[in-house]
């Protein structure tokens, strides 16, 4: 059966499952590149002709181009979803699925470098509460620090998601989770909503998102990246630290671990499917942090 025909069907299936446009784009591009490689290098265009060797050759080709193991493994996950779709639809038998014999590449231990407490404090204080844009930017930084929310999750928030004590997050794979609103965050939420209401009193609001541009449109992921980057620049964050929302997410994770939160609970808060990803944050804590954690969890002292 023709690979391109199944590929098109696979993309429709992703839309039916209501995957996010960003996720669909990743699956689309990675599997298309794989299909093109098979045709150009091996003249393979039928699913019955694909072997484990073809898949391994493609992954090694990516490695020869200098791509990192983590990046290649993420590509393999996209390929695995494509082959899983073919099995589910009956195009290939489970026992003949060629990708099952392909192992993930061993990834080097990554030490995640993130902000320290003083840098976060300065970033939060970069923006004031004097006008709508200032309070909006300040609250965005606070959301990232206190809620570990992803950039896209923040951009898609609406007023209906902001409740009295919790915020409903629409995460990856359309999975919802609820995050607690701390008293300090609540204080600035109230300020923001008051100033936002006054600012847009005589202006048109185009989108229903919680965070809006000066023109009443939903903020883009790129616009939020700039807000965080500017905050880091003005706060004189170390040059070795990448100032972006995901780095603040790293800070949140490591801070929670230092405060004694267990990995499983942190995994649920972060919206991870398993604790495997979450443990990377724990591995990035140095020995001094681990010793501090142990002080409050001494079994003998807690008898």
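Key figures
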| quantity | calculated |
| --- | --- |
| The chain: relative contact order in percent, alpha carbon pairs under 8 Å with at least 6 residues between | 17 percent |
| Debye-sum result for the stretch 129-235 in log10 I(q)/I(0), which assumes one identical scatterer on each alpha carbon, at q = 0.15 Å⁻¹ | -0.61 |
| Length-normalised contact order for the stretch 3-101 - Cα pairs under 8 Å, 6+ apart - percent | 32 percent |
| Residue exposure sequence - 187, 56 - by fewest surrounding Cβ within 10 Å | 187, 56 |
| Segment residue 103-residue 80, length gained on full extension (0.36 nm per residue, minus Cα span) | 7.2 nm |
| Efficiency of FRET from Cβ geometry, residue 96 and residue 238, R₀ 35 Å, rounded to 0.05 | 0.10 |
| Amide N of the stretch 221-253 lying under 15 Å from the label point, which is placed 7 angstrom from the Cα of residue 259 along Cα→Cβ | 249-253 |
| Sites residue 60 and residue 116, calculated FRET efficiency, Cβ-Cβ separation with R0 30 Å, nearest 0.05 | 0.15 |
| Sorted by Cβ neighbour density within 10 Å, fewest at the top, the residues 244, 155 | 244, 155 |
| Whole-percent pair-distance distribution, where bins are 5 Å wide, for the alpha carbons of the stretch 3-101 | 2, 12, 25, 26, 20, 11, 3, 0 |
| FRET efficiency, 1/(1 + (r/R0)^6) with R0 22 Å, evaluated for residue 16 and residue 40 via beta carbons | 0.15 |
| Extent along principal axes [Cα atoms of the chain; Å; largest to smallest] | 64, 61, 38 |
| 10 Å binning of all Cα-Cα separations within the stretch 9-166, expressed as whole percents from 0 upward | 8, 27, 24, 19, 15, 7, 0 |
| The stretch 117-295: relative contact order in percent, alpha carbon pairs under 8 Å with at least 6 residues between | 24 percent |
| Hydrodynamic radius (Kirkwood) for the stretch 117-295, which is based on Cα pairs only, to one decimal in Å | 17.1 Å |
| For the stretch 1-68 versus the stretch 215-242, the gap between their alpha-carbon centres in whole angstrom | 34 Å |
| Computed [θ] at 222 nm, deg cm²/dmol, the chain (DSSP H ≥ 4; -39,500 (n - 2.57); rounded to nearest 500) | -18000 deg cm²/dmol |
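Where a number appears in this text, it was derived from the coordinates with a stated rule and is not lab data. Please read these numbers as outputs of a predicted model, since none were measured by experiment. So basically every Cβ, Gly included, is an ideal-geometry build from the backbone, and we count neighbours across all protein chains shown.
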